[in-house]
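The values are calculated or read from the model by the stated rules, or taken from the named source; none is laboratory data. Everything numeric in this text was worked out from a predicted model, so none of it was measured. Virtual Cβ from ideal backbone geometry, glycine too; neighbours counted across all protein chains shown. Side chains are part of the model used for accessible areas, which takes the heavy atoms of the whole protein and leaves out ligands, DNA and RNA. Shrake-Rupley method; radii C 1.70, N 1.55, O 1.52, S 1.80 Å.
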Amino acid sequence: MAVSVGSEPTAHEDHHHEQSFWSKYVFSTDHKVIAMQYMATGVVMGLIAGFFAYAFRMQLAFPGMDVPGFGIVTPADYVSLVTNHGSIMVFWVAMPVLLAAYGNYLIPLMCGCDDMVFPKINRLSYQVFLLSAIVLVASFFVPGGGFGGAWTAYPPLSAKAEYNLTPLGSSLWVLAVALEFVAFLLGGINFITTAMNSRAPGMKMYDIPVVIWMLLIASILFMLSVGPLIAAAIMLLFDQNLGTAFYDPNRGGDPVLWQHLFWFFGHPEVYVVLLPTIGLTADIISVFSRKKLFAYRTILYTAFGTGILSFFVWAHHQFISGIDPRMAHIFTVTTLLISIPIAEMMFVYIATLYGGSIRFTTPMLWALAFIGEFLIGGVTGIFLGASGADIYLHDTYFVLAHFHYTFFPITIIGFYGGITYWFPKMFGKMMNETLGKIHFWGTIIPFNFIFIPLFFLGMAGQHRRIYNFEHFPELATPGLQNIRVFATTALLIMLSFQLVFFYNFITSLRKGKKAGKNPWKANTLEWTTESPPPHGNWPPSELPSVYRPPYEYSHPDREEDYWPQNVPN
Amino acid sequence: MRPIANTRDVTGVPTGRLAIWWVIGSEIVIFGGLLASYLMYRLANPGWAGHAAHTNVVAGGFNTFVLLTSSLFAVLAHQAAEAGNGKKAAKLLIATTVGGLIFLTVKGFEWTHEIQLGYTITANTFWSFYYTAAGLHACHVIAGMIVMLIVAAKARRGVDLHHVELIGIYWHFVDVVWIFLFPLLYIAK
Ligand code: HEM
Ligand SMILES: [Cu+2]
């Protein structure tokens, strides 16, 4: 390190002035720029997936309608829309925004170093990711249209063009997903090495902010679980294009193999996206209740434990796929067990709030909402985990409502919580609090009005992935149809409130109040540099050192109610 | 330009080695998933032994020997690099690459022969696994060879000598995968 101190500053300065638009924003190796690229791509993909939701929800509420902006939704359109809505939200929104954007932005800043360890691999990771997104979007326009075999892509439907009628769309879908995995494996190299090896001098294991730990554990979980699905994807591509029969029961294959490989990845994957949001919620809650995070170490151990356990629950997605009932019992037990650590984390957050001096800023509202809403997702998971109840509930709207109560808090609330909290750091300006709160309530209230009714539709026996319920007399009653119209209306309201966010974002960017280095009076290292941080994050001679854990708020011996990690005493 | 982050090592393990272990970890689960699937099928289909009988054990055995020898060269290259002898390391790395080339050539003859006999990738799911697993492995051999040549070219000029160790670790991994594939696909009857 000592070697670079003398030579680096000038190198950095020169670099800065010569950079063209292209090398600064498009081919940059700066982790902050790459984070923004991931975030922007994720948001654009999110808008596409949101538009898809609008189109198919309109079809459900008003079957056969000419949907404004989309047109008539044919059955093929419908399945393609739901498939790609789900795929995009999980792989091209939750992953890039939570893991890649926040990971890239926060790991070097919160660990007190100038960049990721391998900046070029980092850039490559984004480029592969962008390519995957382009391949996916292109698949909507090929002859036959986009893939419509559900985001879980079960064979034989996904494997045979005779069944899915999208010979090109389905292969492009598999290819896009595989590329996306490669991008995140590449990204993970940097996450793990930077957080493990490049932390600021003095930053010990238990001085690492929770959000960084969670990003790290999430990357490891992803790396350990995705391999079998990559193998499965290769087999699926061969079944689609070469005529092999890995998944074809008529020729010695087995379609359930895909289900095992998919869910062996799929369940850990839900924790891959969950953990970053759990982490940033911890940071936000501690800052805005001005209180030390309750049971820091317990949170870590719990996260590790959950990570391990998450590899042993996958078959709860397959209770009616013909698995051995004795196996179903085992997976019921592991599934019920895994709700314990999740519940425990929620209690830890509540204990942090207890007795704090709580400030209801916009990021804090999002963090609190995360606890409340995610709880509903977790609790309904217990019903599904019990194999007896799940035989009835499987593949109904109850499942759909369950995982939207997990994924929405994780992805959407997590994104908004993080962006409203770190916006001042990222762009040097404060966001407008009033608009922020209008947007918050305008999102949270309709969200519940969309999905609470869907639990009831599910319990009434309404199956997923059906494009027109008029064809099912017992599901086409006016009572049930009214619920569908209600949910769609709530969706329209929620979508229109998102405009408030974009308006707030743009006006704050241009006219917002200057933020200064540390507007929230927070302890972690990213708040010790300029907002926005310069190239290299700190001047090389001023890279911070760490003297204490990250959550020392309202310490009795201090006049100030916070105690930054980099202050010697 | 090397970031300062790259010069730190808090764990005491060099960053490059951490990174390569990450890559290998993710590769292990890819091959692990594929081989676990194969094993499940194999156990459910005793009849596959008949297909496996048509694989060429002699060619496979020879290839195992070739790969192991090439790994030895990779170890020697690492030693040379540690001693600061970039030229020697480069030569040894090229010897390793030649091992890879022989391996691929033998494979090419094997596959041509099998395909001529009608044992194509669609002949039966055993053969599908055979070509998929060995093919995926061959892709890794090719990728390893390309990177190895790049590392060798640099090592010759004395640049980035620590990369010699890293590509060596990767090459051993490719080797170990083959040591799993060979008995599972060829020997088990
Ligand atoms: C508290 C812990 C949880 C439990 C006990 C649980 C349980 C379950 C069970 C048993 C199912 C299968 C239902 C069926 O298909 O019949 C399921 C589905 C699902 N869960 Fe959870 N879950 C939990 C947390 C989560 C989290 C954190 C996420 C997401 C981040 C999530 C996302 C999903 C998704 C996406 C599906 C449906 C997949 C599909 O079929 O398309 N779950 N959950
Ligand atoms: Cu699950």
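For the stretch A:40-159, please list each of the helices (runs of 4 or more DSSP H) lying entirely inside it that holds at least 1 residues being away from chain B (no Cβ under 14 Å) and more than 30 Å from A:Leu525 (Cα to Cα). Even if it seems obvious, please write down each step before you answer.
Values: elements: A:75-87, A:102-110, A:119-139.
The qualifying helices (runs of 4 or more DSSP H) are A:75-87, A:119-139.
Can you name the residue in the stretch A:26-39 that is touching a residue at least 40 places away in the same chain (Cβ under 8 Å) and in a helix (DSSP H, G or I) and is also nearest to A:Gly103 (Cα to Cα) among such residues? It comes out as A:Ala35.
Would you confirm whether or not the stretch A:354-366 contains a residue that is away from ligand 1 (no atom under 16 Å from the Cβ), outside any helix (DSSP H, G or I) and among the charged types (D, E, K, R)? Even if it seems obvious, please write down each step before you answer.
Restricting attention to the stretch A:354-366, the residues satisfying the condition of being away from ligand 1 (no atom under 16 Å from the Cβ) are A:354-366.
Narrowing further to those that are outside any helix (DSSP H, G or I): A:354-361.
If we keep only those that are among the charged types (D, E, K, R) as well, we get A:359.
Yes, the stretch A:354-366 has at least one match.
If the condition is being over 25 Å from A:His439 (Cβ atoms) and touching a Phe, Trp or Tyr at 6+ places or on another chain (Cβ under 8 Å), then the stretch A:504-527 contributes A:Lys517, A:Asn523. Residue pairs whose Cβ atoms lie under 7 Å apart, sitting 6 or more positions apart in sequence or on different chains, and linking a residue in the stretch A:251-271 that is farther than 18 Å from A:Phe184 by Cβ to a partner that is near ligand 1 (Cβ under 8 Å from one of its atoms) and open to solvent by 20 Å² or more (accessible area, probe 1.4 Å), are A:Trp263/A:His317. Residues that are under 27 Å from A:Leu300 (Cα atoms) and open to solvent by less than 20 Å² (accessible area, probe 1.4 Å) within the stretch A:530-547 comprise A:Pro544, A:Val546, listed in sequence order.
Given B:Leu72, B:Leu67, B:Leu104, which one is modelled with pLDDT of 95 or more and open to solvent by 60 Å² or more (accessible area, probe 1.4 Å)?
Working: B:Leu67 fails: open to solvent by 60 Å² or more (accessible area, probe 1.4 Å); B:Leu104 fails: open to solvent by 60 Å² or more (accessible area, probe 1.4 Å).
After applying the criteria, what remains is B:Leu72.
One residue stands out among those in the stretch A:354-381 that are of a type in the set (A, V, I, L, M) and open to solvent by 30 Å² or more (accessible area, probe 1.4 Å): the one that is farthest from A:Gly417 (Cα to Cα), which is A:Val379.
Screening the candidates A:Glu560, A:Glu552 for the property of being open to solvent by 60 Å² or more (accessible area, probe 1.4 Å) and at negative phi yields one hit, A:Glu560.
Okay, residues lined up against (1) of a type in the set (D, E, K, R); (2) away from ligand 2 (no atom under 11 Å from the Cβ); (3) open to solvent by less than 70 Å² (accessible area, probe 1.4 Å); (4) without any contact (Cβ under 8 Å) to a residue 24 or more places away in the chain:
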{"residue": "A:Arg326", "(1), (2), (3), (4)": "yes, yes, no, yes"}
{"residue": "A:Ile330", "(1), (2), (3), (4)": "no, yes, no, yes"}
{"residue": "A:Thr334", "(1), (2), (3), (4)": "no, no, yes, no"}
{"residue": "A:Ala351", "(1), (2), (3), (4)": "no, yes, yes, no"}
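Quick one: in the stretch B:1-40, of everything that is hydroxyl-bearing (Ser, Thr, Tyr), facing chain A (nearest Cβ under 7 Å) and buried (at least 19 other Cβ atoms within 10 Å of the Cβ), which residue is farthest from B:Thr132 (Cα to Cα)?
Taking the stretch B:1-40 as the starting set, the residues that turn out to be hydroxyl-bearing (Ser, Thr, Tyr) are B:7, B:11, B:15, B:26, B:37-38.
Next, only the ones that are facing chain A (nearest Cβ under 7 Å) stay: B:7, B:11, B:15, B:26, B:37.
Pick out the ones that are also buried (at least 19 other Cβ atoms within 10 Å of the Cβ) and you get B:15, B:26, B:37.
Values: B:Thr15: 33, B:Ser26: 18, B:Ser37: 12 Å.
Only one residue tops the list, namely B:Thr15.
Within the stretch A:109-130, one or more residues are touching a His at 6+ places or on another chain (Cβ under 9 Å), of a type in the set (A, V, I, L, M) and open to solvent by less than 20 Å² (accessible area, probe 1.4 Å).
For the stretch A:249-261, the condition of being under 23 Å from A:Gln318 (Cβ atoms), facing chain B (nearest Cβ under 8 Å) and surrounded by 24 or more Cβ atoms within 10 Å (Cβ to Cβ) holds for at least one residue.
Comparison of A:Leu216, A:Leu185 shows that the only residue that is open to solvent by 10 Å² or more (accessible area, probe 1.4 Å), in contact with a Ser or Thr (Cβ under 7 Å, 6 or more places away or on another chain) and within 17 Å of B:Ser26 (Cβ to Cβ) is A:Leu185. Of all the numbered requirements in (1) buried (at least 20 other Cβ atoms within 10 Å of the Cβ); (2) in a helix (DSSP H, G or I); (3) within 13 Å of ligand 1 (Cβ to nearest atom), A:Ile285 misses one, and that requirement is (3).
Here are some residues: A:Val226, A:Val210. Which one is under 18 Å from the mean Cα position of the chain (by Cα) and more than 25 Å from A:Gln127 (Cα to Cα)? Going through A:Val226, A:Val210 in turn, the sole match is A:Val210. Listed conditions (1) more than 26 Å from A:Val97 (Cβ to Cβ); (2) within 13 Å of chain B (Cβ to nearest Cβ) are all met by A:Lys291, apart from (2). Within the stretch A:307-323, the residues that satisfy the criterion of being in a helix (DSSP H, G or I) and more than 9 Å from ligand 1 (Cβ to nearest atom) are A:Gly307, A:Ile308, A:Leu309, A:Ser310, A:Phe311, A:Phe312, A:Trp314, A:Ala315. Taking the criterion of being among the hydrophobic types (A, V, I, L, M, F, W, C), under 22 Å from the mean Cα position of the chain (by Cα) and within 16 Å of ligand 2 (Cβ to nearest atom), the residues of the stretch A:239-288 that qualify are A:Leu261, A:Phe262, A:Trp263, A:Phe264, A:Phe265, A:Val270, A:Val272, A:Val273, A:Leu274, A:Leu275.
Selection within the stretch B:46-64: residues that are more than 24 Å from the chain's Cα centre (by Cα) and surrounded by 15 or more Cβ atoms within 10 Å (Cβ to Cβ). The member of this set that is farthest from the other protein chains (Cβ to nearest Cβ) is B:His51.
As a summary of the residue check, B:Lys91 satisfies the conditions (1) under 20 Å from the mean Cα position of the chain (by Cα); (2) basic (Lys, Arg); (3) not in a helix (DSSP H, G or I) except for the one numbered (3).
Assigned to a helix (DSSP H, G or I), free of Cβ contacts under 8 Å to residues at least 12 places away in the same chain and either more than 14 Å from chain B (Cβ to nearest Cβ) or more than 9 Å from ligand 1 (Cβ to nearest atom) (or both): is that true of A:Phe347 in this structure? When the stated conditions are applied, A:Phe347 passes them. Within the stretch A:305-322, if we keep just the residues that are surrounded by 19 or more Cβ atoms within 10 Å (Cβ to Cβ) and of a type in the set (Val, Ile, Thr), the residue that is farthest from ligand 2 (Cβ to nearest atom) turns out to be A:Thr306. Of all residues in the stretch A:409-435, those that are open to solvent by 10 Å² or more (accessible area, probe 1.4 Å), more than 20 Å from A:Met89 (Cβ to Cβ) and in contact with a Leu (Cβ under 8 Å, 6 or more places away or on another chain) total 2.
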